[in-house]
1. Limited to the stretch 435-449, what total is found for residues that are surrounded by fewer than 21 Cβ atoms within 10 Å (Cβ to Cβ), assigned to a loop (DSSP other than H, G, I, E, B) and touching a Ser or Thr at 6+ places or on another chain (Cβ under 7 Å)?
2. Specify the residue that is surrounded by the fewest Cβ atoms within 10 Å (Cβ to Cβ); the eligible residues are those in the stretch 693-724 that are under 19 Å from Arg659 (Cα atoms) and modelled with pLDDT under 85.
3. What number of residues in the stretch 623-651 are touching a residue at least 40 places away in the same chain (Cβ under 8 Å) and buried (at least 21 other Cβ atoms within 10 Å of the Cβ)?
4. Taking into account only those residues within the stretch 742-762 that are among the hydrophobic types (A, V, I, L, M, F, W, C) and part of a strand (DSSP E or B), which is surrounded by the most Cβ atoms within 10 Å (Cβ to Cβ)?
5. Where residues in the stretch 326-357 are over 24 Å from Gly311 (Cα atoms), surrounded by 13 or more Cβ atoms within 10 Å (Cβ to Cβ) and not β-branched (Val, Ile, Thr), which of them is modelled with the lowest pLDDT?
6. Go over the candidates Lys388, Lys437 one by one and state the one that is at negative phi and modelled with pLDDT under 95.
7. Could you pull out every one of the strands (runs of 3 or more DSSP E) wholly within the stretch 241-321 that has 3 or more residues that are in the same structural domain as Lys191 (by TED's automatic domain parsing), surrounded by 14 or more Cβ atoms within 10 Å (Cβ to Cβ) and at pLDDT 90 or above?
8. Restricting to the stretch 610-622, what's the tally of residues that are surrounded by 13 or more Cβ atoms within 10 Å (Cβ to Cβ), of a type in the set (A, V, I, L, M) and either closer than 10 Å to Ile593 by Cα or within 43 Å of the chain's Cα centre (by Cα) (or both)?
Amino acid sequence: MKKSALLLLILLASLASLLPAQTIVQVPAGTDGLAAAVAAATAGDIIELTTNGGLYTETAKLVIDKKLTIRAASGLTQKPMLVSGAADAMIEFSTDFTLDGVILDGSLGADSTAVGITNAPNTTGYNLKVLKTDFLNFSDKAQTTGFGIFGVPSSVVDSVLVQNCYFAHIMDMGISFNDPLTATGSVNLFKVDNCTFWDMNSEAIYIDAFDSKMDTKDPEVIINQVTVYDCGSYNLIAHYIDYSVLTNSLVVLPELNTSYAPSKVYGTHSRVENFLYFNTRDIDLSYGATDFQLVNIVPQGDPGLVDPENGNFSYPVTSPAALLAEDGTTNYLGDERWWPKGIPEIVYLAAGENVLSAALAAAVDGQTLILTSSGGVYHESAKLVIDKKLTIKAADELVQKPVISSDATDAMIEVSASLTLKGVVLDGALGGVPTTKGIVTKPQTSGYNLAVLESDLLNFGNATGSTGFGIFGDPTAVVDSFLVQDCLFAHIVKMGISFNDPVIPTGSVNLFKVENTTFWDINAEAIYVDGSDSDVATKDPEFFVNKVTAYDCGSYNIIAHYIDYSVISNSIVVYPEPTTAYAPTRVYGTHSIVENLLYFNTRDIDLGSSATDFQLINIAIQMDPHFADPQNGDFHYALDSPAILFDNDGAPIYLGDDRWWPVTTGVNCAAPNSLPAEFTLAQNTPNPFNPATTIHFSLPAAQRVTLRVYNMLGEEVATLIDGALSAGLHRAQWNAAGMPSGIYLYRLTTETKSAVKRMMLLK
């Protein structure tokens, strides 16, 4: 050890020996035990109340004249309770004092106690800290006054902190400091945080630095996350106090009373932010209230308290007390102990009859329903109605996807609120009757988001075999965004996905995206989206179809019908036998792009009369991709398939759903010891991955190489290789344990070539 460090340790040890030793005194329940412990204590001691729910009875007022902490011992399941025979106050302090984790009840002593905690008149400042403490039933015997915490007007207090406390059934005020009737007191810092006030006859919190009556420094007043119910007068008041802040709180009266204001703001430069009030008049801005701010106020918003008359101030996640911030996050108002619990709440569901409908009936906005039975059948006797924002997903690591079936004839799931469906099978043939549609959007005018991920939609059609849809967008529904990703649609009587049918001209989709999805045995279009201005008065959706495999689908297979700025890319459309009736895609909108598309056994791309300023790029016309066994649903293809196109740099572009791509290390099938003939960058494996994946590539000659990973903003997040490598096969691993889920790009750059591919991190 260095000499300087040793000297420092010696110095610290010496200083420690000069400090008074802190003593923890443990006190069981009983009569006057606390008073005896306080009398025997020295400054800085901690007095612990050790009896679970014990009654600590004092015959007289407890006087704290030395720096002390009185707290509940750790591990207690019920708070110790203090009662007193004193009529004026239960506790009087004149120095630094901390009270933590107890109950003060003014009604249980020999006499009615008027005040829970008060301070002795003094001119030297001290600090009061009250934590996790309940103040109950304070009133004088005549029931004319009563306080939870009362600051004597002639006292000087450096700071007051009241946190995680509860005030109920108090004759006058919950907390009162700096009453202007006497003009000598002050508080320099005052903070109330995460507290509840219920049934005060006057103000919940009263802080007064009225300069016309008091010669005092304005306190810094911070009131945050306060729930106030059924309190009188002005409820929350910052009276002639500059720079006061009232945030994230709610004030509610049980009945309308226009005499009471939720808050009275008199001081300059004050702010009220994220604040709800109900059944009161508006915020009182009087006299000296200048240069103030009112931000995100909810006037007369009923928070929907569960049972306030019996002291339950919880509210649901749908309450206006759950305010949305500008960034889309939620600010829950009031004491956090009443906030909606576990939002978004996760509910685990085993397979069975009507399990999902029962969960939906009890669900709240933001919930996630997780299906836990591998391959289990979740059978419903009626249509599932999604009218609140939900996620329904399979549990992670299931061997087989859970299956949802239904006895409903029209639709299995009806959606009128944002829904994410992930990792399940919807099978229309497993119920008592055939189900016509898998998912439908309910007619309505307010937009929502629908995402269907890693799911299979199978066997949808009516009993007569005349119609059927995997996903059907009602013509009168407004959908903000629609995403289908990593899905399979198979054996559907009419269309896989249909949106904006022009028969009724009122619906819209603002963003439409289908990616990495397979359509097999669809009698009409695989994807039908219509933004025809002649038929539908709607904004053209942003339309993206990428990496789609469509086999044995009728009509136009993939169609963007009167949609401007549509993009169809990296896809395969194949019919089992030659036909001149069906086109691989129909492009009617302006400024559309079809890029990296292979089609076989169909007629050419249909470019309608409105298809202007379009681009067709890298199209493989009438090329057989050589699927492994398409009649039985195996659409894998080999490395020699024409479904592998090449970009300008010679890098391969694999078409269609990537689950059918060749399993390759990135090299040709050459002898193990032979050198690769070309530069190749393979798709990472596994993909999607969590948290690690391997990238394979080949070099025909020795050269300098960089392999870097980027996020979708183009920001570099990792450099895997930067240096010279020999000719041959190579691989690099990326561990993305600290990265968020999403799409990432990896770029391989040599002295002569460069290639880029995408990968998905899915946590």
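The values are calculated or read from the model by the stated rules, or taken from the named source; none is laboratory data. None of the values given here were measured: they were computed from a predicted structure. No Cβ is skipped: glycine too gets one built from the backbone with ideal geometry, and neighbour counts run over all protein chains shown.
1. 3
2. Going residue by residue through the stretch 693-724, those that are under 19 Å from Arg659 (Cα atoms) are 693-696.
After this cut, where a residue has to be modelled with pLDDT under 85 as well, the list is 694, 696.
On the way: Thr694: 15, His696: 18.
Out of the qualifying residues, it is Thr694.
3. Residues flagged as touching a residue at least 40 places away in the same chain (Cβ under 8 Å) and buried (at least 21 other Cβ atoms within 10 Å of the Cβ) within the stretch 623-651 amount to 4.
4. To start, the set of residues in the stretch 742-762 that are among the hydrophobic types (A, V, I, L, M, F, W, C) comprises 743, 745, 748, 755-756, 759-762.
Imposing the further condition that a residue be part of a strand (DSSP E or B) reduces the set to 743, 745, 748, 755-756, 759-761.
Values: Ile743: 13, Leu745: 16, Leu748: 26, Ala755: 20, Val756: 15, Met759: 22, Met760: 19, Leu761: 20.
Within the stretch 742-762, the match that is surrounded by the most Cβ atoms within 10 Å (Cβ to Cβ) is Leu748.
5. Per the criteria, the residue is Pro344.
6. Being at negative phi and modelled with pLDDT under 95 holds for just one of Lys388, Lys437, which is Lys388.
7. Because the criterion is at least 3 residues that are in the same structural domain as Lys191 (by TED's automatic domain parsing), surrounded by 14 or more Cβ atoms within 10 Å (Cβ to Cβ) and at pLDDT 90 or above, the strands (runs of 3 or more DSSP E) in the stretch 241-321 that meet it are 245-252, 271-278, 293-299.
8. Of the residues in that region, 3 qualify.
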